[in-house]
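Everything below concerns the one structure shown next.
The values are calculated or read from the model by the stated rules, or taken from the named source; none is laboratory data. Keep in mind that this is a model prediction, so the values were computed, not measured. Virtual Cβ from ideal backbone geometry, glycine too; neighbours counted across all protein chains shown. Heads up: the accessible areas ignore ligands, DNA and RNA and are worked out on the full protein's heavy atoms, side chains in. Shrake-Rupley method; radii C 1.70, N 1.55, O 1.52, S 1.80 Å.
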Amino acid sequence: MTLKHENLWHTLVSDKVNFPALNQDDTADVCIVGAGFTGLSAAIHLAEKGKKVVVLDAHHVAYGGSGRNVGLVNAGTWNKPDFMVQILGKEMGESLISALGDAPKLVFSLIHKYGIDAQQQEVGTLHMAHSNQGIAEIEDRYEQLTRRGVNVELLKGERIAEYSGSQKIPAALLDHRAGTVNPYAYATGLAKAAASLGVKIYEHSPVSAVNCTTPGQWSVTALNRTIKAEKVIIATNAYAEGDLATYRQSIYSGYYYQVASEPLTGDAGKTVLPYKQGSWDTRLVLSSIRLDKDGRLILGSMGKAINKPAWYLKTWADRIQQHYFPQLGKHMTWEYSWCGRIGFTDNHTPKIFEPAKGLIAAIGYNGRGITTGTLMGKLFAEHLTDTEAAPIPVPFYSAVDQSKCNYAQAKSLFIESGFTLYHLGQCLKVIR
């Protein structure tokens, strides 16, 4: 079977959403640019407050990272908690740790509240030591999290073999707060929920200008039509285009690819992640491992897939599968491959821009878009409508120049070259 360069998540959603392009001028309390997790979460929370909301997207709902995601509903931050406190200070750092720790609960509450079929598994996630060298990383995170009262378990020996289905994983951190979704199904479900609340969503409507016409009045132009709004949210993250691409100067881009097998069958297939946790390992260039609703094995790692031949991707997937799950045999059939873009900040902490009153933007989710985006959307809705809202626990900037990522393009090229060499080493069995 030929490996298809096609996004598996789209094939697993039968009731896709379609919205028209903007074809008339309109008004709104809030205009949102970007129909991904952040924009749609903001739209729902604003509409619940009775606000008139318009959402514009240059392509379609969940075109960017929201539809290409691994689907891990991660809890907490990419950085270890103690390091996050060093970066942001104790008050803001602990506040962000707590908020993102509770973010999976927000994701799953929206799914249940609006009856979204996100193909969710609320069973936690596994952060797995790929070798004995990775045990210290897992144990350190466990200590820092349990010190803060977080519901996590350290699995070793027979327990991690049972949970993972692999004899090559000496330890793992089971985070009971987390889980998995089909990210595209979750995003399209959010879009349907927003539309049911009266939010107007326009696809294939690239924004060409965002201007402040008078104090408290914004003009957003797309397809030569204008949305007049009191406030604007820029929710494009790493997929900002046109004039909005200026926000991408504060990040450097990385890519993440995934390869999915045919559905696993037989007794051997039942041993792989039997409790359905999504997982990732402690490799220098991590591998993610999860199952979809039909039991396909989905492997992923950092790097761009669109410029790699099928043999490279299949050889890499074979190598990871045979290392962790040799019981599946040596002749796996790989069906799908797709790729998405991640926005990285230098310190792996999201950034918020508020260059003028009534205009706010977020960028740099560092590979944790489902929970960070959903939470950010809610916090933006509160920030723009509630004068008593608690401060958003992320650094604010009034201009991109204040947090510009130096040598962003060079960093992107450097890490992509490193990922390619690392994976080639795995394919050639030079790297375990």
(request) Give me the pairs, please: first residue somewhere in region 341-365 and at positive phi, second residue anywhere and outside any strand (DSSP E or B), beta-carbon distance under 6 Å, and either six or more positions apart or on two chains. (result) 348/78; 348/79; 348/366; 364/251; 364/345; 364/350
(request) Would you confirm whether any residue within region 191-205 is closer than 20 Å to residue 382 by Cα, open to solvent by 70 Å² or more (accessible area, probe 1.4 Å), under 26 Å from the mean Cα position of the chain (by Cα) and not aliphatic (A, V, I, L, M)? (result) yes
(message) Residues to consider are 352, 342; find the one that is in a strand (DSSP E or B) and out of contact with any Ser or Thr (no Cβ under 9 Å at 6 or more places or on another chain).
(response) 352
(request) Could you give me the residue pairs with C-beta distances under 6 Å whose first residue belongs to region 403-422 and is open to solvent by 100 Å² or more (accessible area, probe 1.4 Å), whose second residue is not in a helix (DSSP H, G or I) wherever it lies, and which are 6+ apart or on separate chains? (result) none
(request) Collect the residues in region 1-11 that are of a type outside the set (Asp, Glu) and open to solvent by 70 Å² or more (accessible area, probe 1.4 Å), keeping them in residue-number order. (result) 1, 2, 4, 5
(message) Every residue in region 271-305 that is of a type in the set (D, E, K, R) and either without any contact (Cβ under 8 Å) to a residue 60 or more places away in the chain or not in a strand (DSSP E or B) (or both), please.
(response) 276, 283, 292, 293, 294, 304
(message) Considering only residues that are in a loop (DSSP other than H, G, I, E, B), small (Gly, Ala, Ser) and either in contact (Cβ under 8 Å) with a residue 60 or more places away in the chain or open to solvent by less than 70 Å² (accessible area, probe 1.4 Å) (or both), which ones fall in region 12-43?
(response) 21, 34, 35, 36
(request) Quick one: count up the residues across region 324-337 that are touching a strand residue (DSSP E or B) at 6+ places or on another chain (Cβ under 9 Å) and surrounded by fewer than 23 Cβ atoms within 10 Å (Cβ to Cβ). (result) 5
(message) Every residue in region 318-333 that is among the charged types (D, E, K, R), in a helix (DSSP H, G or I) and free of Cβ contacts under 8 Å to residues at least 24 places away in the same chain, please.
(response) 318
(message) Can you report the number of residues in region 377-395 which are part of a helix (DSSP H, G or I) and either among the small types (Gly, Ala, Ser) or open to solvent by 10 Å² or more (accessible area, probe 1.4 Å) (or both)?
(response) 8
(message) Just to verify a result, which residue in region 278-297, among those that are out of contact with any Gly (no Cβ under 6 Å at 6 or more places or on another chain) and of a type in the set (Val, Ile, Thr), is farthest from residue 261 (Cα to Cα)?
(response) 285
(request) Could you please find all residues in region 271-315 being among the small types (Gly, Ala, Ser) and open to solvent by 10 Å² or more (accessible area, probe 1.4 Å)? (result) 295, 310
(request) Within region 176-202, track down each residue that is polar (S, T, N, Q) and within 15 Å of residue 45 (Cβ to Cβ). (result) 196
(request) Would you point out the residue of region 218-270, among those that are among the hydrophobic types (A, V, I, L, M, F, W, C), out of contact with any Lys or Arg (no Cβ under 6 Å at 6 or more places or on another chain) and outside any strand (DSSP E or B), that is most open to solvent (accessible area, probe 1.4 Å)? (result) 223
(message) Residues that are of a type outside the set (Asp, Glu) and within 24 Å of the chain's Cα centre (by Cα): does region 223-232 have at least one?
(response) yes
(message) If I filter region 178-188 for residues that are of a type outside the set (Ser, Thr, Tyr), part of a helix (DSSP H, G or I) and open to solvent by 50 Å² or more (accessible area, probe 1.4 Å), do I get at least one hit?
(response) no
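So that you can scan it fast, the table gives a plain yes or no per residue for (1) of a type in the set (Val, Ile, Thr); (2) in contact with a Gly (Cβ under 9 Å, 6 or more places away or on another chain); (3) under 24 Å from residue 99 (Cβ atoms):
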residue: 139; (1), (2), (3): no, no, no
residue: 159; (1), (2), (3): no, no, no
residue: 166; (1), (2), (3): no, no, no
residue: 176; (1), (2), (3): no, yes, yes
residue: 188; (1), (2), (3): yes, yes, no
residue: 205; (1), (2), (3): no, no, no
residue: 228; (1), (2), (3): no, no, no
